[in-house]
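S.K.: Before I ask anything, let me first share the structure, which is written out below as structure tokens.
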Amino acid sequence: MEILFVLSAICLVLFMILATYDGAYLHIWKYELFNQKDSVFEHKTHTIRAVLFPLIVWLLFIQTDYFSFLLGVFLVLVDLVVLAIDAYSEKDSRKFMGGLPKWEYIIHLFANAFHFAAIVLILATRLTIVDDTLLYEPFLVDSIGKQIFDFVAVNTIPGGIALGVIHVLLITGYGKNLWNINRLKMTCC
């Protein structure tokens, strides 16, 4: 079980790196998808996923009660549906830039692979089969792998919340105006 915690922590870190690059730098900073007429729907799907992410981490990775687990699994299913809608709409969303670049598509594939791998690995630590029955088990382990996992999970929450708040703000007219007024004053990369 120790290896499952370590692998999940690694997948979570890799997801956060790719998601931050993709969601914060490419989608918000470079392409400003929220300002592109064809990309508003894509930005909304990204917003839903950005809001779901810290909730999923909190409910599945940090909390140990059964209700949180069930709610976390439900939110993962919602996330999968939103991901499918997002992927389906991306072709039309990126017309303004000649379509989604292949390298960005590859980033999306790897980011989502790491995201869902982390979830599946944690599910494997929480579920067991006894006499052909699938049972839920709270985390009962206290090991170095579990401590690394806990550290990573807890520390993804603030960044996840910040990215979610930024996405929500940029849906609103106020947030867009604030961004558009101040964007040229900011420099990056």
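S.K.: May I ask you to verify whether I122 is outside any loop (DSSP other than H, G, I, E, B) and crowded, with 17+ Cβ neighbours inside 10 Å?
M.R.: yes
S.K.: Where residues in the stretch 64-118 are of a type in the set (F, W, Y) and in contact with a strand residue (DSSP E or B) (Cβ under 9 Å, 6 or more places away or on another chain), which of them is surrounded by the most Cβ atoms within 10 Å (Cβ to Cβ)?
M.R.: Per the criteria, the residue is F69.
S.K.: In the stretch 164-189, which residues are in a loop (DSSP other than H, G, I, E, B) and modelled with pLDDT of 90 or more?
M.R.: Those that are in a loop (DSSP other than H, G, I, E, B) and modelled with pLDDT of 90 or more: L170, I171, T172.
S.K.: Could you grab me the full set of residues in the stretch 125-151 that are under 30 Å from A84 (Cα atoms) and either in contact with a His (Cβ under 9 Å, 6 or more places away or on another chain) or part of a helix (DSSP H, G or I) (or both)?
M.R.: T125, R126, F149, D150
Matching residues to (1) within 19 Å of K102 (Cα to Cα); (2) surrounded by fewer than 17 Cβ atoms within 10 Å (Cβ to Cβ); (3) free of Cβ contacts under 8 Å to residues at least 24 places away in the same chain; (4) aliphatic (A, V, I, L, M):
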site	(1), (2), (3), (4)
E2	no, yes, no, no
L7	no, no, no, yes
C11	no, no, no, no
F15	yes, no, no, no
A19	yes, no, no, yes
L33	yes, no, no, yes
T45	no, no, no, no
I48	no, no, no, yes
I56	no, no, no, yes
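S.K.: List pairs: first residue in the stretch 122-141 and within 14 Å of Y66 (Cα to Cα), second residue of a type outside the set (D, E, K, R) and part of a loop (DSSP other than H, G, I, E, B) anywhere in the structure, Cβ distance under 6 angstrom, at least six positions apart or on different chains.
M.R.: Partner pairs satisfying both residue conditions: T125/M1; P138/T64; F139/T64.
S.K.: Quick test for you: out of S68, S8, S39, pick the one residue that is among the polar types (S, T, N, Q) and within 16 Å of E104 (Cα to Cα).
M.R.: Sole residue among the options that is among the polar types (S, T, N, Q) and within 16 Å of E104 (Cα to Cα): S39.
S.K.: Out of (1) surrounded by fewer than 15 Cβ atoms within 10 Å (Cβ to Cβ); (2) over 16 Å from F15 (Cβ atoms); (3) in contact (Cβ under 8 Å) with a residue 60 or more places away in the chain, what's the single condition that is false for G145?
M.R.: (1)
S.K.: Just give me the residues in the stretch 152-183 being touching a residue at least 60 places away in the same chain (Cβ under 8 Å), surrounded by fewer than 16 Cβ atoms within 10 Å (Cβ to Cβ) and closer than 26 Å to L70 by Cβ, in sequence order.
M.R.: V154, G159, V168
S.K.: Assess whether G99 counts as being in contact with a Lys or Arg (Cβ under 9 Å, 6 or more places away or on another chain) and farther than 15 Å from I28 by Cα.
M.R.: yes
The values are calculated or read from the model by the stated rules, or taken from the named source; none is laboratory data. All values derive from a computational prediction rather than experimental measurement. Neighbour counts run over all protein chains shown; Cβ positions are idealised from the backbone, glycine included.
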